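One structure below.
The values are calculated or read from the model by the stated rules, or taken from the named source; none is laboratory data. Since the model is a prediction, treat every value here as computed from it, not as a measurement. As a convention, Cβ positions derive from the backbone with ideal geometry for all residues, glycine included, and neighbour counts pool all protein chains shown.
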Ligand SMILES: Nc1nc2c(c(=O)[nH]1)N(C=O)[C@@H](CNc1ccc(C(=O)N[C@@H](CCC(=O)O)C(=O)O)cc1)CN2
Ligand SMILES: Nc1nc2c(ncn2[C@@H]2O[C@H](COP(=O)(O)OP(=O)(O)OP(=O)(O)O)[C@@H](O)[C@H]2O)c(=O)[nH]1
Ligand SMILES: [Mg+2]
């Protein structure tokens, strides 16, 4: 453990840097208590929200807000923690932070440092720390729900269960090896039973962990098609905004425009582009080049046509350049021909949806369709989060357990013990312990915690 961690008091803004309703400054470490007394004129009652004035060093009032004091060990980090919940003005909050840093020797926290301290003080194990980091970054409600399960310790419980079975097996083998020459020696059968049980459980958890893909990035959907087909109108409807200019003039959109949206708990980025057509106009040529650039990067293409289009097939140039990419053809403006909204699935990655951006008809069907085809976990019951680290450690655990279970029972007792010992080591690393080394290496910890946001 880092020797300084016990000494240094850290502080950070735990809420957004933008203006917001309230902003929370968190302070953790031995200076939290004297700081509360000097800034608030009193120590708030432990774990009770109190409305107090916040003072600077010259006794000037800097804010009136809620303060909460969490004396150690009953706090998020396990250290003394002071929370100052002020008005959400970033300049005001920054001046409070600066005051803390300049006059009290508190230092600004590194990204993820509160979480790291919670882990080092054994408030949470490593999988729970990882779950909190995934929870904050989750781009879909389903991933957030998995992260929540992991945060509450469901994965840790299963991982600990495997580790305990292996430990028991090791103790049994070691005992039977000790008394191998005596007449009342302990039979190794019990250990083998435990090894097989641990193997079964490890395989189960490996399959379950691998199933849920929380590595996916938010998909990018690019709207493309001929000029005037209603691309920008569909963009505006999907983004519930009037960000993109809509006119009845062909060639209205010149630049690409991207906006994040959320469809049924799934984050997406949606991009409006200039209409593709043959032109000699230099400006239009540049715009169309940009459109192709976006189409190449897209995870999914919405190709807009209208009820008036002569041909509703995918144009050859799109097929040529983007085979394998999923495409939805949208037949827009069905209000003009009084057609009904509908969806037709041609193949896995090719569907036709009829809508009207003007009346909104068919847009719910379109959103539903996008959610279905773009959420990789749509048919999977949320369990807990998956990390490459878990898969790797579980694979190693399984490998050593298989080796242990295959060794000849009587003659290779020592080899079984070795393999079980290695399995135990790997399984222990799941929750961030290693039976011989105590904590995981600083490198693994830094990789995890450095990727987090400030104030967490
Ligand atoms: N204001 C505020 N809201 C927040 C947080 C926070 O730090 N502050 N959290 C930050 O992530 C999350 C909540 N997580 C927390 C986890 C543990 C403790 C805590 O005080 N634990 C003590 C006491 C437990 C108990 O009373 O049951 C402990 O573990 O000993 C506080 C917040 C989300 N909301
Ligand atoms: N009747 C009807 N008109 C629509 C519909 N969607 C768009 N329009 C109209 O079609 C015209 C073109 O719409 P835009 O959204 O600007 O089309 P665009 O494809 O972005 O056009 P460019 O940017 O020029 O390529 C506008 O006059 C819209 O009001 C629809 O569903 N029904
Ligand atoms: Mg447009």
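Output the residue which, of all residues in the stretch 287-312 that are in contact with a strand residue (DSSP E or B) (Cβ under 7 Å, 6 or more places away or on another chain) and part of a loop (DSSP other than H, G, I, E, B), is surrounded by the most Cβ atoms within 10 Å (Cβ to Cβ).
Checking each candidate, the answer is 298.
Have a look at 30, 68 and point out the one that is more than 16 Å from ligand 3 (Cβ to nearest atom) and assigned to a strand (DSSP E or B).
Every option except 68 fails the conditions.
Which residues, taken from the stretch 361-390, are loosely packed, with under 15 Cβ neighbours inside 10 Å and closer than 24 Å to residue 448 by Cα?
388
Do we find that residue 251 is within 9 Å of ligand 2 (Cβ to nearest atom) and touching a helix residue (DSSP H, G or I) at 6+ places or on another chain (Cβ under 7 Å) in this structure?
yes
So, in the stretch 81-119, how many residues would count as being within 25 Å of residue 133 (Cα to Cα), within 16 Å of ligand 1 (Cβ to nearest atom) and in contact with a strand residue (DSSP E or B) (Cβ under 7 Å, 6 or more places away or on another chain)?
Qualifying residue count, the stretch 81-119: 12.
Each row is one residue, and each column tells you yes or no for (1) in a loop (DSSP other than H, G, I, E, B); (2) at pLDDT below 90; (3) not assigned by TED's automatic domain parsing to the domain that holds residue 165.
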| residue | (1), (2), (3) |
| --- | --- |
| 364 | no, no, yes |
| 370 | no, no, yes |
| 380 | yes, yes, yes |
| 386 | yes, yes, yes |
| 397 | no, no, no |
| 400 | no, no, no |
| 408 | yes, yes, no |
| 414 | no, yes, no |
| 422 | no, no, no |
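Within the stretch 96-110, can one find any residue that is at pLDDT below 90, outside any helix (DSSP H, G or I) and either more than 16 Å from ligand 3 (Cβ to nearest atom) or within 30 Å of residue 432 (Cα to Cα) (or both)?
yes
Going by what's in this entry, would residue 258 be described as modelled with pLDDT of 95 or more and near ligand 2 (Cβ under 7 Å from one of its atoms)?
No.
Only one of 45, 7 is surrounded by fewer than 12 Cβ atoms within 10 Å (Cβ to Cβ) and in contact (Cβ under 8 Å) with a residue 24 or more places away in the chain. Can you tell me which?
Exactly one residue qualifies, and that residue is 45.
If only one of 352, 330, 346 is surrounded by fewer than 14 Cβ atoms within 10 Å (Cβ to Cβ) and either at pLDDT below 95 or in contact with a helix residue (DSSP H, G or I) (Cβ under 9 Å, 6 or more places away or on another chain) (or both), which one is it?
Every option except 346 fails the conditions.
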